[in-house]
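The values are calculated or read from the model by the stated rules, or taken from the named source; none is laboratory data. Just so it is clear, the structure is predicted and the values come from calculations on it, not from any experiment. Because the Cβ atoms are built from the backbone with ideal geometry, glycine has one as well, and the counts that use them run over all protein chains shown.
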Amino acid sequence: MIAKLILPALTEARSPFFRPIKYSLFPPLGLATLAAYLAPDDDVVLCDEHVETLDLDDEPDLVAIQVYVTSARRSYEIADHYRRRGVHVALGGLHVTSLPDEAAAHADTVFLGPGEDTWPRFLADFRAGRPGSLYRSTSRSLHALPPVRRDLIRRARYLVPNSIVVSRGCPHACDFCYKDAFFAGGRGFYVQRVDAALAEIERLPGRHLYFLDDHLFGDPRFAASLFDGMRGMGRLWQAAATVNAVLRPGLLEKAVACGLRSLFVGFETLDPAALRSHAKHQNLDRDYAEAVRRLHGLGVMVNASFVFGMDEHDESVFDRTVAWAVDQGVETATFHVLTPYPGTALHARMRAAGRLLHDDWDLYDTRHAVFRPARMSGERLERGYRDAYRDFYAWRSILRGAATKPDLAGALRHAAYAVGWKKLEPLWDVLIRLCRVGQALPVLERVLEGAWPEKGNGRRAPLGNAPAVG
Ligand code: B12
């Protein structure tokens, strides 16, 4: 059988705001996971349209497409093309799960929820000549996961080829998150076996890892065993976790001891009332500043995530949020316009109130206001969002943020990370065009490590009080 697995380009890839580096970060891990269920003698093609041109002139036996909200339009275009050629088209992923009827108009088979139980069932049915039209995931486990087909990934095309997930979902239920819609009808948070996760890590070459788990610290017992097992592996890694997990004593120290050097933290908003409205209870009454101090004290850089446009936000939210993040010495920030993804509680609420402006999924990209905000216009919200990025990454802010660091090494690391991420766009573009973005990985590792060659002797100065890796 010839099976083609496609991650279509996000529509944004064609917009003037397109930042190619963002799409050359991570390989299509979900599809490489699904590829592992194919037979050894199947011919598998894995295509990520963000980093390569999609050949549409072929006729595989099966095409499987991963559909995100912002790539839905392109996904349907590709699906329609292959169906016209008589190829069996399977659509799955987050957007299909939220809107199966919409997707079914472009597919022979649609999949709801994660694919680990449904995809192998479908493959057996397909080989037997009786594929179903809809498969719904109900039994959720990562215990018998075959090794991800990383051999299909073109590593040199990605800055972070070693992305990995060892859990699915999250123990929390914020009303704007995809989680409850995607995991409906089964468990919404589950983890791999620790030994299997460690074996997957061992298989990854090099030093750097990026855990894409929604909340790597979500199951503290699992996380503690994982971090204990990773000690001594000499890894440098990045991940995402919540404010309360950061504040909990013990676990963060274990993470740092095995190589955590940068953490994505969902602060979302500085307004407690807004946290309450969006069921982000785990952030309530948490000392955000203390969370940042704790991370910095252990040598971990912070990528702080914020959402604008909640009903409690007026026009002051942009400046207040940026000033706070700069004052805390946060290294990188990710801002979002609040976006009601279909299938979420937030979407249902907005729709019931008649506040949704349209369902042009291309614009559900967290850059556009797709609903009527309560205390400002949609245009003001979009402008404030853009200004926040401009102001946070202005040279004066980077220097002010760097100046909060207690020593020169820390200040240099702060500046290098922020500048590399937002100011070196032309350099990234050249590397991407030459298909050499992977060659920048040692520089990223050096910055994460927080170590700089000492003048003359080539030795490295250790960063502040961060424990040595391993
Ligand atoms: C890595 C990532 C990215 C990467 C690249 C994605 C990639 N290469 O796959 C980048 C940085 C580019 C990215 C960008 C964006 N992302 Co993103 N991203 C993620 C993240 C953190 C991990 C994805 C991942 O690898 N998961 C692990 C794998 C194993 O799971 P999976 O991909 O879901 O695949 C499984 C199932 O979905 C299913 N499946 C998937 N496809 C198919 C197909 C078939 C046929 C079958 C059977 C099954 C199936 O089976 C797989 C195995 O279980 C997710 C969060 C998450 N936990 O998913 C957000 C997430 C997917 N992103 C999201 C969003 C909103 C975005 C942005 C739109 C917004 C933003 N501001 O960043 C942008 C896009 C920008 C734009 N303007 O269009 C949302 C999607 C919401 C939605 N309803 O689509 C998520 C869920 C984050 C969130 N919590 O809101 N993202």
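Report yes if some residue within the stretch 215-224 is within 16 Å of the ligand (Cβ to nearest atom), under 17 Å from Met301 (Cβ atoms) and in a loop (DSSP other than H, G, I, E, B); otherwise report no. Looking for residues that are within 16 Å of the ligand (Cβ to nearest atom), under 17 Å from Met301 (Cβ atoms) and in a loop (DSSP other than H, G, I, E, B), one finds at least one in the stretch 215-224, hence yes.
Here the stretch 112-141 is the region considered, the condition is being over 13 Å from Phe183 (Cβ atoms) and touching a helix residue (DSSP H, G or I) at 6+ places or on another chain (Cβ under 8 Å), and the residue that is nearest to the ligand (Cβ to nearest atom) is Trp119. Considering the conditions (1) more than 19 Å from Ala173 (Cβ to Cβ); (2) of a type outside the set (D, E, K, R); (3) surrounded by 18 or more Cβ atoms within 10 Å (Cβ to Cβ), Pro249 is excluded by exactly one of them, (3).
The sole residue among Asp314, Asp285 that is more than 15 Å from the ligand (Cβ to nearest atom) and at pLDDT below 95 is Asp285.
Looking only at residues that are in contact with a Leu (Cβ under 8 Å, 6 or more places away or on another chain) and surrounded by 20 or more Cβ atoms within 10 Å (Cβ to Cβ) in the stretch 182-200, which one is nearest to Leu152 (Cα to Cα)? Filtering the stretch 182-200 for residues that are in contact with a Leu (Cβ under 8 Å, 6 or more places away or on another chain) and surrounded by 20 or more Cβ atoms within 10 Å (Cβ to Cβ), the one nearest to Leu152 (Cα to Cα) comes out as Ala197.
The residues of the stretch 126-159 that are under 30 Å from Cys435 (Cβ atoms) and without any contact (Cβ under 8 Å) to a residue 40 or more places away in the chain amount to a single one, Asp151. Considering the stretch 169-198, the residues that are touching a helix residue (DSSP H, G or I) at 6+ places or on another chain (Cβ under 9 Å) and assigned to a strand (DSSP E or B) include one that is nearest to Asp48 (Cα to Cα), namely Gly169.
Before we move on, is Val160 in a loop (DSSP other than H, G, I, E, B), closer than 24 Å to Glu449 by Cβ and among the β-branched types (Val, Ile, Thr)?
Details: in a loop (DSSP other than H, G, I, E, B): yes; closer than 24 Å to Glu449 by Cβ: yes; among the β-branched types (Val, Ile, Thr): yes.
Yes; evaluated as a whole, the condition is true for this residue.
Listed here are the strands (runs of 3 or more DSSP E) enclosed by the stretch 1-111 that have at least 2 residues being more than 8 Å from the ligand (Cβ to nearest atom) and touching a Leu at 6+ places or on another chain (Cβ under 7 Å): 2-7, 43-48. Of the numbered conditions (1) more than 14 Å from the ligand (Cβ to nearest atom); (2) in contact (Cβ under 8 Å) with a residue 60 or more places away in the chain, Arg367 satisfies every one except a single condition; which is it? Single failed check for Arg367: (1). Scanning the stretch 263-309 for residues that are among the polar types (S, T, N, Q) and either in a helix (DSSP H, G or I) or in contact with a helix residue (DSSP H, G or I) (Cβ under 8 Å, 6 or more places away or on another chain) (or both) yields Thr269, Ser277, Gln282, Asn283. Scanning the stretch 322-376 for residues that are among the charged types (D, E, K, R) and either outside any loop (DSSP other than H, G, I, E, B) or closer than 30 Å to Leu295 by Cβ (or both) yields Asp327, Glu331, Arg349, Arg351, Asp362, Asp365, Arg367.
Considering the conditions (1) of a type in the set (Ser, Thr, Tyr); (2) more than 13 Å from the ligand (Cβ to nearest atom); (3) crowded, with 18+ Cβ neighbours inside 10 Å, Tyr341 is excluded by exactly one of them, (2).
Sort out which residues of the stretch 382-426 are in a helix (DSSP H, G or I) and of a type in the set (S, T, N, Q), and write them in order of number.
So in the stretch 382-426, the residues in a helix (DSSP H, G or I) come out as 382-392, 395-403, 408-422, 425-426.
Ser397, the sole residue that qualifies.
Checked against (1) crowded, with 19+ Cβ neighbours inside 10 Å; (2) under 20 Å from Gly329 (Cα atoms); (3) at pLDDT 95 or above, Val370 passes all but condition (2).
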